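Data first, discussion second: the structure below is written as structure tokens.
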Amino acid sequence: MAQGPFLSAVVPESHCLAARLHHDSFVGELDISQVMQVDNIDVPVVKGDFNALPLKVRQFVAKTVKKCTPRGIWICDGSPLEVQEIREKMESRGLMHRLNQQKWPNCYVCRTDPLDVARVEGRTFVVTDDKYESVPHVRDGVKGILGNWMGPDQMKKEMNDRLPGCMKGRTLYVIPFSMGPIGSPLSKIGIELTDSNYVVLSMFVMTRVSPKIWNILGENDFVRCVHTLGAPRPVENIISHWPCNPERIIIAQYPSDRMIISFGSGYGGNSLLGKKCFALRIASSIARDEGWLAEHMLIMSVTNPAGEEKFIAAAFPSACGKTNMAMLESSLPGWKVRCVGDDIAWMRFDKNGRLRAINPEAGFFGVAPGTNRKTNPIAMETMKSDTIFTNVAITEDGEVFWEGLEKYVDPSKKIMTWKGEEWKIGQEGKAAHPNSRFCSPASQCPIIHSKWEDPEGVPIDAIVFGGRRPEGVPLVYESFSWEHGVMVGAALKSETTAAAEFKGKQIMHDPMAMRPFMGYNFGDYLEHWLSMKKPSRHMPKIFHVNWFRLNEQGKFMWPGFGDNIRVIDWICRRCNNEEIAQLSPVGLIPVPGSINTEGLDDIDMEGLFHLPKDYWVEDIRETRQFLDDQVGEDLPKVIESELQQQQERIEAM
């Protein structure tokens with residue numbers, strides 16, 4: 001086993017540099033041009049050639065070093081050798097646990113501090129001079145939920161109270177990464193500076209890390225990402241060998257500066273800054289400026305038995321079946337499903353007026369509990385090698401376990417829970433955290449689309465919204481128009497999930513499935529969506545689905561999973577303008593018999609499309625109240641009109 005980078009690396013004398021910067025502040029003075037000069041850095045460069053980096057990158061690194069004072073700099077190249085060295089270091093420190101390598105080759109488990117297990121939406125801010133560039137005009141006395149704003153001066157104080165010396169005793173890793181295929185006109189480049197080994201390995205999976213990026217970047221701008229555990233050495237009372245600072249977590253996005261700073265958390269979306277912070281919050285702001293869309297959507301293709309392929313982008317709140325849909329295994333013979341991405345879509349119209357999408361990520365960061373060979377056999381196959389598991393349990397023979405795998409594991413086996421406690425199936429409590437994750441390369445998904453890295457993207461035929469709606473909402477309906485579809489997305493609701501810090505089950509608004517991920521004023525965001533419609537463009541149809549409706553006995557009315565292909569079949573046929581839809585007050589719903597139910601028993605199709613008037617009267621009233629409270633004067637007039645028309649149709653039922 002290697003002895004660690006500081007013991008094995010030879011540091012060239014030319015790499016012992018020091019940064020002498022004109023400004024003392026790290027936050028608030030983000031314009032690189034304000035840096036007077038970079039002479040030398042007074043910490044060793046353990047790996048890589050600092051002088052070979054583009055000037056703007058060197059200045060960014062130097063400024064971070066001056067403020068955060070790491071003990072060394074490691075410039076990542078993403079090579080297998082580098083991965084192995086970092087893995088060995090993490091194993092030796094108890095941060096990473098090796099699984100049975102015969103059954104789970106190159107798979108490892110990490111356990112976090114129990115206070116660092118999910119996104120912290122309440123401590124995540126968008127920083128702009130003008131508050132209403134970031135968030136809408138919320139009604140007086142109402143707490144806004146469509147983003148958190150903090151002014152630059154206040155955020156500067158928050159960061160200056162945290163960042164000085166925050167990386168003491170740790171290595172600063174420089175991660176050059178591309179969101180999207182390297183060199184694609186749809187892709188964007190970021191540089192993440194982090195003091196977390198876990199983040200380095202996870203970013204290698206979730207993004208495209210390569211030395212090629214330096215040449216492509218040149219002296220162009222990039223998204224600057226700074227992440228720190230906020231745990232300078234020496235640290236006392238570390239739980240699960242997972243340093244963090246959960247009481248002081250803060251995550252800041254600076255859209256105008258294309259910068260992200262994250263302090264205190266090592267967990268997923270809080271620390272893998274290429275994910276929600278860059279790919280949605282910052283990217284949505286870039287997309288607004290450049291005329292495209294950055295969305296919390298899966299991308300999939302379906303090919304019917306006749307060989308006709310359609311591409312679908314679908315938006316679901318976290319843990320609502322997005323990965324299951326992206327990796328769907330059809331229950332109908334003759335259908336072929338291919339996955340392009342399971343979480344994020346960047347979409348723009350091409351010169352021919354077709355909406356094209358890329359998956360900017362390179363991996364899957366999926367929720368583990370509930371995933372098994374029945375619910376998502378494709379995901380189970382994808383994660384069988386080269387996967388980082390977080391907060392799952394481990395069986396005594398070195399296999400993973402989480403709730404949902406009970407039928408596949410011998411109940412007599414001893415299991416080590418995500419908290420490191422001994423446990424067996426049938427005992428109280430949960431073995432895995434409800435938000436435990438698998439982080440796997442997309443390239444090893446057995447149904448990954450051959451064009452998943454096509455630099456031009458794939459053509460989108462349909463956009464689908466959906467959430468967990470236990471009552472009242474039909475299995476599927478189509479919007480009347482692009483404008484009505486944007487309203488449908490704005491009115492999206494779902495039961496809360498374990499992916500965020502909320503407790504208990506309740507129906508919450510999650511407009512466009514972007515509520516936690518907005519990078520600018522939601523009213524302006526809706527206006528941007530509306531502006532996409534132009535006479536020269538082929539606008540995708542917009543649909544809403546609900547796999548989760550319950551009957552009076554509390555049982556799911558629709559089998560879901562592979563049988564969702566039956567609904568997707570109807571959606572694809574509607575994209576071909578087949579006359580298989582009928583009017584309803586909320587949208588176009590399938591005519592009876594137009595959804596293939598062959599082979600299904602005891603499906604109450606009438607109940608799945610029943611629209612209880614009392615429910616919908618209250619639903620539209622509550623939706624209008626929500627948007628009035630949360631978006632107020634920023635709500636586009638077109639959306640107000642669509643809401644009014646929908647309310648009138650419902651009241652006339």
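The values are calculated or read from the model by the stated rules, or taken from the named source; none is laboratory data. The model shown is predicted, which means the values in this text are computed figures rather than measured ones. Don't worry about glycine lacking a Cβ; one is built from the backbone with ideal geometry, like all the others, and counts go over all protein chains shown. For the accessible areas, the whole protein counts, side chains as well, though only heavy atoms, and no ligand, DNA or RNA atoms are used. Shrake-Rupley method; radii C 1.70, N 1.55, O 1.52, S 1.80 Å.
Exactly one residue among ILE182, ILE175, ILE189 is under 30 Å from ASP454 (Cα atoms), open to solvent by 20 Å² or more (accessible area, probe 1.4 Å) and part of a strand (DSSP E or B), and that residue is ILE189.
Checked against the criterion of being within 22 Å of VAL476 (Cβ to Cβ), in contact (Cβ under 8 Å) with a residue 60 or more places away in the chain and of a type in the set (Lys, Arg), the stretch 600-619 has no qualifying residue. When the residues of the stretch 211-228 are filtered to those that are out of contact with any helix residue (DSSP H, G or I) (no Cβ under 8 Å at 6 or more places or on another chain), outside any loop (DSSP other than H, G, I, E, B) and open to solvent by 10 Å² or more (accessible area, probe 1.4 Å), the one that is farthest from SER178 (Cα to Cα) is ASN215. When the stretch 325-350 is filtered for residues that are over 13 Å from ILE447 (Cα atoms) and in a loop (DSSP other than H, G, I, E, B), the ones remaining, listed by number, are SER331, LEU332, PRO333, GLY334, ASP343, ILE344, ASP350. Is it the case, given these coordinates, that ALA231 is open to solvent by less than 10 Å² (accessible area, probe 1.4 Å) and under 28 Å from ASP524 (Cβ atoms)? No, not satisfied. Applying the condition of being in a helix (DSSP H, G or I) and open to solvent by less than 10 Å² (accessible area, probe 1.4 Å) to the stretch 45-62 and asking which residue is nearest to PHE177 (Cα to Cα) yields VAL57. Here LEU146 qualifies as under 20 Å from ASP524 (Cα atoms), open to solvent by less than 50 Å² (accessible area, probe 1.4 Å) and in contact with a Lys or Arg (Cβ under 7 Å, 6 or more places away or on another chain).
Within the stretch 149-172, track down each residue that is free of Cβ contacts under 8 Å to residues at least 60 places away in the same chain, open to solvent by 70 Å² or more (accessible area, probe 1.4 Å) and not in a strand (DSSP E or B). Break it down into steps so the answer makes sense when it comes.
Pass one, the stretch 149-172, residues free of Cβ contacts under 8 Å to residues at least 60 places away in the same chain: 149, 151, 154, 157, 161.
Filter once more, so that each one left must be open to solvent by 70 Å² or more (accessible area, probe 1.4 Å): 149, 154, 157, 161.
Of everything in the stretch 149-172, those that are free of Cβ contacts under 8 Å to residues at least 60 places away in the same chain, open to solvent by 70 Å² or more (accessible area, probe 1.4 Å) and not in a strand (DSSP E or B) turn out to be GLN154, LYS157, ASP161.
Suppose we keep only residues that are open to solvent by 10 Å² or more (accessible area, probe 1.4 Å) and under 15 Å from the mean Cα position of the chain (by Cα) within the stretch 343-370. Which one would you say is modelled with the lowest pLDDT? By that ranking, first place goes to VAL367.
How many residues does the stretch 418-449 contain that are free of Cβ contacts under 8 Å to residues at least 24 places away in the same chain, open to solvent by 70 Å² or more (accessible area, probe 1.4 Å) and part of a loop (DSSP other than H, G, I, E, B)?
Within the stretch 418-449, the subset free of Cβ contacts under 8 Å to residues at least 24 places away in the same chain is 421-422, 424-429.
Then keep just the ones that are open to solvent by 70 Å² or more (accessible area, probe 1.4 Å); that gives 421-422, 424, 426-428.
Filter once more, keeping what is part of a loop (DSSP other than H, G, I, E, B): 421, 424, 426-428.
So the answer is 5.
For the stretch 264-304, a residue qualifies if it is of a type in the set (Phe, Trp, Tyr) and surrounded by fewer than 24 Cβ atoms within 10 Å (Cβ to Cβ), and exactly one does: TRP292. The residues of the stretch 615-631 that are in contact with a helix residue (DSSP H, G or I) (Cβ under 8 Å, 6 or more places away or on another chain), part of a helix (DSSP H, G or I) and not charged (D, E, K, R), listed by number, are TRP616, VAL617, ILE620, THR623, LEU627, GLN630. What is the one condition in (1) among the charged types (D, E, K, R); (2) surrounded by fewer than 20 Cβ atoms within 10 Å (Cβ to Cβ); (3) touching a residue at least 24 places away in the same chain (Cβ under 8 Å); (4) under 30 Å from PRO317 (Cα atoms) that ARG119 does not satisfy? Of (1) among the charged types (D, E, K, R); (2) surrounded by fewer than 20 Cβ atoms within 10 Å (Cβ to Cβ); (3) touching a residue at least 24 places away in the same chain (Cβ under 8 Å); (4) under 30 Å from PRO317 (Cα atoms), only one is false for ARG119: (2).
Of the residues making up the stretch 432-458, just one is more than 30 Å from CYS107 (Cβ to Cβ), in contact with a Pro (Cβ under 9 Å, 6 or more places away or on another chain) and not charged (D, E, K, R), namely PRO455. Could you tell me whether VAL458 is β-branched (Val, Ile, Thr), open to solvent by less than 20 Å² (accessible area, probe 1.4 Å) and more than 23 Å from LEU583 (Cα to Cα)? Yes, satisfied. Quick check on my filter: what residues within the stretch 390-417 are of a type in the set (A, V, I, L, M) and either outside any loop (DSSP other than H, G, I, E, B) or farther than 13 Å from PRO369 by Cα (or both)? ALA393, ILE394, VAL400, VAL409, ILE415, MET416, listed by residue number.
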